[in-house]
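Student: Here you go, one structure.
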Amino acid sequence: MFRHLISQSAKFTLFCLVLFSVDVHAEYGDIILNKTADAMREAEVDDVVFPHWFHRIRFRCSVCHENIFKIKAGANDISMSTITEDKEQCGTCHDGVVAWEPLECERCHSLEEGWSPGAIQHSVREGEKQDILLGKIGSTAKPYSKFMEIGTGWHPLALAKSGLPLDKYGLVDWAAAVRKKIVQPLWSLNPEVDISEHKLRDTKILFTAKGESMPDVIFPHDIHSYWLECKICHDTQDGPIFIDKLGANNITMMGIGQGKWCARCHDKTAFPISDCTRCHNHPKGKPIDKKTLVRHLKTPPPPLSPAVPIKKPEQQEQIDSDFF
Ligand code: HEC
Ligand code: HEC
Ligand code: HEC
Ligand code: HEC
Ligand code: HEC
Ligand code: HEC
């Protein structure tokens, strides 16, 4: 049944040969799993490092999210008995059929001493932090704006030797990797399911970014629906990330900086927020094509009556002027 997987992985033999010589830890998108730290200490195993990149070479996000794992760090209660006896969670694949059996503990329980604890994505090994120049404007010494600061962070040089296309930070450019068909991740573990059943959506959505100097954002549905099923965004377990209605979500950069909306994935598994122009990809006033839907800004709220005190206007001013 899983024969196609094996032939699929044969395509990556070359990759793997190179990859195995690379440290598979501390890559962008790694997640440390240590909710059960006490039990793990008792069994004398280290915390688990889950490498997203190693899996997304082979599988699209929807294979795991959210049939196997909720798309939120710490939201899944994973245990060894579920893995080995029930063959669920990691055991759905690490069962000796799709992938190796969970016999060698340290293959998963691989967190080394000195790494920051907790469910983090940008695993950082002390002493290896690097400064990166953020975008074309601003620097880490003098960030361009509050959002530059939010975006500042250490992004480990990913997989330099793997042959996957890299972005300007040296992180894997997964959009290019699939466009160039360098990786062709599966969208289902069930070979009976035909690829044509995977729904793609080709509309694009124009978000008009407030302010003069910030280019607008065109959100492409196609690359997102390539990796992710509609329901991951629109019918997310524990509440939708986005309501599937044009203009229905009050998305702001501040909210994104706080880890909401687009930053539910970007800055975690998808490319980082510091890559401003990859989202702010459309110069203001440039014509748009037919597939692009324009999000109309919501009608401004009615003016407040004098009886209602306006909340800290000076502070609001400050935040806005921080943007530009
Ligand atoms: C092989 C399974 C697998 C695949 C494929 C996979 N993930 Fe995950 N993902 C996980 C696991 C495991 C976690 C951790 C869940 C936890 O901590 O409870 C996770 C967590 C996440 C989180 C939560 C991070 C946070 O800080 O809350 C995001 C976002 C995410 N994945 C996005 C993606 C995206 C986007 C893709 C596809 C590009 C993807 N994942 C592919 C297994 C997978
Ligand atoms: C959808 C199937 C699937 C799920 C679910 C899955 N894995 Fe994997 N995983 C794979 C495959 C396939 C490989 C590559 C196996 C190979 O190269 O032989 C792999 C490789 C790995 C590796 C790479 C390192 C190495 O030595 O090969 C680690 C670590 C790993 N998995 C951990 C986990 C953990 C932890 C979980 C659960 C949180 C998990 N996986 C869930 C399919 C899966
Ligand atoms: C396929 C990856 C994988 C392998 C291999 C693996 N584990 Fe785990 N293990 C996990 C994950 C994921 C968790 C949950 C971590 C968390 O969320 O706190 C876990 C949790 C645990 C826990 C604490 C929770 C519980 O169920 O008791 C113990 C103890 C443990 N593992 C021992 C082992 C031992 C011993 C081995 C080797 C025989 C091993 N593991 C191999 C992935 C793995
Ligand atoms: C990465 C998350 C994501 C995925 C996956 C996704 N969407 Fe969306 N979708 C959005 C965002 C963001 C909006 C804009 C919402 C707004 O304007 O407030 C949107 C808007 C929509 C809209 C209204 C605008 C339009 O395009 O007509 C529909 C309908 C929709 N999505 C359907 C789908 C379907 C069907 C799929 C799967 C094939 C899908 N979406 C996959 C994020 C996503
Ligand atoms: C559920 C996860 C998820 C959410 C939420 C999400 N994205 Fe993405 N996005 C991805 C993944 C996965 C890719 C593929 C590239 C990668 O992994 O870096 C991607 C790619 C993109 C690309 C294409 C880049 C290119 O080089 O072609 C743009 C632009 C983008 N996202 C913008 C947005 C915007 C704007 C939002 C919020 C309105 C958003 N995304 C929300 C997961 C997500
Ligand atoms: C993952 C995609 C994404 C990335 C990366 C991103 N933005 Fe945004 N940005 C958005 C979206 C979506 C909006 C909302 C537009 C709207 O108001 O509807 C936005 C809005 C803004 C606004 C307008 C104010 C507001 O709150 O709406 C500014 C200013 C801004 N972004 C600056 C930045 C800067 C600076 C960076 C780089 C550090 C950045 N953005 C990176 C998606 C992104």
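The values are calculated or read from the model by the stated rules, or taken from the named source; none is laboratory data. On a predicted model such as this, the values are computed, not experimentally measured, just so you know. We place every Cβ from the backbone using ideal geometry, glycine too, and count neighbours over all the protein chains shown.
Student: Of the residues ALA158, ALA141, only one is under 16 Å from ILE57 (Cβ atoms) and modelled with pLDDT under 80; which?
Tutor: On inspection, the qualifying residue turns out to be ALA158.
Student: Out of LEU228, LEU200, LEU189, report the one residue that is at pLDDT below 95, out of contact with any strand residue (DSSP E or B) (no Cβ under 9 Å at 6 or more places or on another chain) and either at positive phi or within 16 Å of ligand 1 (Cβ to nearest atom) (or both).
Tutor: Exactly one residue qualifies, and that residue is LEU200.
Student: Name the residues in the stretch 245-272 that are outside any helix (DSSP H, G or I), within 15 Å of ligand 4 (Cβ to nearest atom) and crowded, with 20+ Cβ neighbours inside 10 Å, would you?
Tutor: CYS265, ASP267, LYS268, THR269, ALA270, PHE271
Student: If GLU192 passes every condition in (1) in a strand (DSSP E or B); (2) more than 14 Å from ligand 4 (Cβ to nearest atom) but one, which one does it miss?
Tutor: Single failed check for GLU192: (1).
Student: Could you check ASP216 against (1) touching an Asp or Glu at 6+ places or on another chain (Cβ under 7 Å); (2) touching a residue at least 40 places away in the same chain (Cβ under 8 Å); (3) within 12 Å of ligand 5 (Cβ to nearest atom) and say which number it fails?
Tutor: Against the list (1) touching an Asp or Glu at 6+ places or on another chain (Cβ under 7 Å); (2) touching a residue at least 40 places away in the same chain (Cβ under 8 Å); (3) within 12 Å of ligand 5 (Cβ to nearest atom), ASP216 comes up short only on (1).
Student: For the stretch 1-73, which helices (runs of 4 or more DSSP H) that fit wholly inside it have 2 or more residues that are farther than 20 Å from SER225 by Cβ and modelled with pLDDT of 75 or more?
Tutor: 37-42, 52-56
Student: Hey, any hits in the stretch 79-87 for a residue that's basic (Lys, Arg) and either at pLDDT below 50 or closer than 24 Å to TYR169 by Cα (or both)?
Tutor: no
Student: Identify all residues within the stretch 28-60 that are touching a Pro at 6+ places or on another chain (Cβ under 9 Å) and within 11 Å of ligand 2 (Cβ to nearest atom); write none if there are none.
Tutor: ASP30, ILE31, ILE32, ASP47, HIS55, ARG56, ILE57, ARG58, PHE59, ARG60
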